[in-house]
1. Going by what's in this entry, would residue 242 be described as over 22 Å from residue 128 (Cβ atoms), buried (at least 22 other Cβ atoms within 10 Å of the Cβ) and either over 13 Å from the mean Cα position of the chain (by Cα) or modelled with pLDDT of 95 or more (or both)?
2. Answer with yes or no whether residue 80 is buried (at least 17 other Cβ atoms within 10 Å of the Cβ), in contact with a strand residue (DSSP E or B) (Cβ under 8 Å, 6 or more places away or on another chain) and modelled with pLDDT under 95.
3. State whether one or more residues within region 52-64 are exposed (fewer than 12 other Cβ atoms within 10 Å of the Cβ), modelled with pLDDT of 50 or more and either within 16 Å of the chain's Cα centre (by Cα) or not in a loop (DSSP other than H, G, I, E, B) (or both).
4. Is it the case that residue 134 is within 20 Å of residue 78 (Cα to Cα), at pLDDT 95 or above and surrounded by 14 or more Cβ atoms within 10 Å (Cβ to Cβ)?
5. Need a quick list: strands (runs of 3 or more DSSP E) entirely within region 86-143 having at least 2 residues that are on the phi < 0 side of the Ramachandran plot, in contact with a strand residue (DSSP E or B) (Cβ under 8 Å, 6 or more places away or on another chain) and in contact (Cβ under 8 Å) with a residue 24 or more places away in the chain.
6. Taking region 73-82, which residues are free of Cβ contacts under 8 Å to residues at least 60 places away in the same chain and in contact with a helix residue (DSSP H, G or I) (Cβ under 9 Å, 6 or more places away or on another chain)?
7. What residue, among those in region 152-185 that are modelled with pLDDT of 80 or more and not in a strand (DSSP E or B), is farthest from residue 198 (Cα to Cα)?
């Protein structure tokens, strides 16, 4: 991730996308936040749903969270101190311990205890990779970032459960290098949990993905969950993916698993 936008994942951006109407899809116009005369703000329905989901998944605990987990045989940590953060990833390679440490000031790599010089290209690549893993592991907390643009897309059902759909796009300024990507989140109408997500990305010839959460667990006040990652044909409207998922029309690609989650700040 570019350093001015480190808090945003590599897949994010803004793009208004057109969707065919699903029989279970209730269309809604974009709503916006309203500023009151006293300086306070009335949140739009979309932003209010995001706030409720963040509160359900951990709320203010994210602001001072310090956790570790394993993802694809690499050890990750994230430590938040308000707007300041430290993300790390550690792996064993060719008999060496390689550690990347990403902060508000950028990325530093260590081989053992020795700081190693990286090219700008590698700094960019490894920063994006690390930030992306932490981003998805801590969803929906990142949806409160200032570059987020949310739109309420209506109500639907998945497996006879009620959901509200929130589309998330991103400002070009502050939205990361992949600012043209689009996300859709399904937030349970009653529980306020974020159980499904989808996204359309444009790098590497593009793609459409749908993720279904499972193995949801609460670790000292913050919810972590794994995902089954599905592939859909290019240009499939995101709001159609939940129906295709129910009909078994999506191809499973992989499982996104955060293992051995531990609270390091307790």
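The values are calculated or read from the model by the stated rules, or taken from the named source; none is laboratory data. Remember, it's a predicted structure, so these values are computed and weren't measured experimentally. When we count neighbours, we look across all protein chains shown, and the Cβ atoms used for this are built from the backbone with ideal geometry, even at glycine.
1. Taking the combined requirement at face value, the residue satisfies it.
2. The answer is no for residue 80.
3. Yes, region 52-64 has at least one match.
4. yes
5. Qualifying strands (runs of 3 or more DSSP E): 96-103.
6. Once the filter is applied, which keeps residues that are free of Cβ contacts under 8 Å to residues at least 60 places away in the same chain and in contact with a helix residue (DSSP H, G or I) (Cβ under 9 Å, 6 or more places away or on another chain), region 73-82 yields 74, 80, 81, 82.
7. 160
Yes/no per residue for (1) more than 25 Å from residue 214 (Cα to Cα); (2) surrounded by 13 or more Cβ atoms within 10 Å (Cβ to Cβ):
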position: 68; (1), (2): no, yes
position: 76; (1), (2): no, yes
position: 84; (1), (2): yes, no
position: 102; (1), (2): yes, yes
position: 108; (1), (2): yes, yes
position: 121; (1), (2): yes, no
position: 152; (1), (2): no, yes
